[in-house]
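The values are calculated or read from the model by the stated rules, or taken from the named source; none is laboratory data. Only a predicted model underlies this, so the values are computations on that prediction, with no experimental measurement involved. Methodologically, a virtual Cβ is constructed for each residue, glycine included, from the backbone with ideal geometry; neighbour enumeration extends over all protein chains shown. Surface areas here come from the heavy atoms of the whole protein model, side chains and all, with no ligands, DNA or RNA. Shrake-Rupley method; radii C 1.70, N 1.55, O 1.52, S 1.80 Å.
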Amino acid sequence: MEFSLTDPAFVGKLFWFTGLAIWLAIRYRPNRTSRKNKISVTARSPVENVSMIVSFSGLGIIPLIWIFSGELSSFNHAANWVVIIIGIILFAWSLYLFRITHKALGAMWSVSLDLREGHKLVTSGIYEKVRHPMYSAFWLWAVAQPFLLSNWIAGFSGIVGFGTLFFLRVGREEAMMEGEFGDQYKDYCQRTKRIIPEIY
Ligand code: SAH
């Protein structure tokens with residue numbers, strides 16, 4: 001890797017990596033506190049576990065391998081500042097959404113499909129606009145990635161990886177929530193969309 005702040009490809013990698021570090025910092029506390037809350041219901045399955053690994057690879061491992069080992073460099077492409085700046089804006093937006101969704105979910109958050117003891121349905125704040133704002137944040141990250149990383153594989157692996165997790169998970173998550181919260185969740189579904197307000 002060449003260190004040059006006048007090279008858009010380098011700046012893209014730098015922002016992607018910084019974004020990953022900020023995301024880990026945002027997750028650190030929710031991860032510790034929610035663990036203390038016992039799990040009462042889980043819808044984790046082998047499919048869910050495999051798709052989490054696929055997502056983690058696409059949004060993290062594959063880009064890291066490309067950035068730090070230079071593998072996949074035959075798929076590099078040219079970078080330009082406009083594209084990099086769009087990527088920075090999308091990734092910053094994603095991190096902002098991560099922060100507010102973690103704040104809203106608090107100890108109810110789980111990395112997978114779990115309900116905790118005394119779980120309450122959150123429907124206010126950002127959860128009033130969409131049912132899955134944290135997944136909206138992951139989509140923004142996945143979409144930011146090909147703008148920031150000037151490599152066809154490392155760039156688009158996030159969309160493939162997170163897309164796999166999202167489409168295999170979201171229906172099961174909603175079924176789990178409906179099983180726990182019944183009509184309260186059905187009503188909530190009636191008035192909200194999944195990840196894009198008013199649209200999807
Ligand atoms: N799908 C949500 C949450 C992702 S974290 C989002 O994208 O923002 C996954 C966990 O959050 C699930 O295991 C579930 O227990 C919990 N969860 C999902 N929606 C919730 C809600 N509206 N209120 C409380 N907990 C919720």
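May I ask you to list the residues in region 144-186 that are closer than 20 Å to ILE126 by Cα and more than 12 Å from the ligand (Cβ to nearest atom)?
Result: LYS186, single match.
Among residues belonging to region 95-136 that are assigned to a helix (DSSP H, G or I), surrounded by 15 or more Cβ atoms within 10 Å (Cβ to Cβ) and of a type in the set (Ser, Thr, Tyr), point out the one that is farthest from the ligand (Cβ to nearest atom).
In this case the residue turns out to be SER136.
Kindly indicate whether PHE68 is of a type in the set (A, V, I, L, M, F, W, C), open to solvent by 80 Å² or more (accessible area, probe 1.4 Å), over 16 Å from ALA137 (Cα atoms) and under 19 Å from the mean Cα position of the chain (by Cα). Give the steps one after another, and end with the answer.
Details: of a type in the set (A, V, I, L, M, F, W, C): yes; open to solvent by 80 Å² or more (accessible area, probe 1.4 Å): yes; over 16 Å from ALA137 (Cα atoms): yes; under 19 Å from the mean Cα position of the chain (by Cα): no.
Against the criterion (of a type in the set (A, V, I, L, M, F, W, C), open to solvent by 80 Å² or more (accessible area, probe 1.4 Å), over 16 Å from ALA137 (Cα atoms) and under 19 Å from the mean Cα position of the chain (by Cα)), PHE68 does not qualify.
On the basis of being free of Cβ contacts under 8 Å to residues at least 40 places away in the same chain and more than 16 Å from the ligand (Cβ to nearest atom), does VAL82 make the cut?
On the way: free of Cβ contacts under 8 Å to residues at least 40 places away in the same chain: yes; more than 16 Å from the ligand (Cβ to nearest atom): yes.
Considered against the rule, which asks whether it is free of Cβ contacts under 8 Å to residues at least 40 places away in the same chain and more than 16 Å from the ligand (Cβ to nearest atom), VAL82 comes out as yes.
Can you name the number of the only condition in (1) in contact (Cβ under 8 Å) with a residue 24 or more places away in the chain; (2) surrounded by 15 or more Cβ atoms within 10 Å (Cβ to Cβ) that THR42 fails?
(2)
Test ILE153 against the criterion of being part of a helix (DSSP H, G or I), open to solvent by 20 Å² or more (accessible area, probe 1.4 Å) and touching a residue at least 24 places away in the same chain (Cβ under 8 Å), and give yes or no. Steps first, answer last, please.
Numbers: part of a helix (DSSP H, G or I): yes; open to solvent by 20 Å² or more (accessible area, probe 1.4 Å): yes; touching a residue at least 24 places away in the same chain (Cβ under 8 Å): yes.
The answer is yes for ILE153.
Consider only pairs whose beta carbons are under 6 Å apart and that are at least six residues apart or on different chains; among these, list those whose first residue lies in region 180-198 and is touching a residue at least 40 places away in the same chain (Cβ under 8 Å) and whose second residue is within 12 Å of the ligand (Cβ to nearest atom) and assigned to a helix (DSSP H, G or I).
Cβ pairs passing all conditions: TYR185/MET177; TYR185/GLU178; ILE195/TYR135; ILE195/SER136; PRO197/LYS129.
Going through region 1-28 one residue at a time, which ones are basic (Lys, Arg) and surrounded by fewer than 16 Cβ atoms within 10 Å (Cβ to Cβ)? Step through it out loud before you land on a result.
Step one: list which residues in region 1-28 are basic (Lys, Arg), which gives 13, 27.
Correct list: ARG27 only.
Within region 1-19, track down each residue that is farther than 20 Å from SER73 by Cβ and under 18 Å from the mean Cα position of the chain (by Cα).
The answer is THR18, GLY19.
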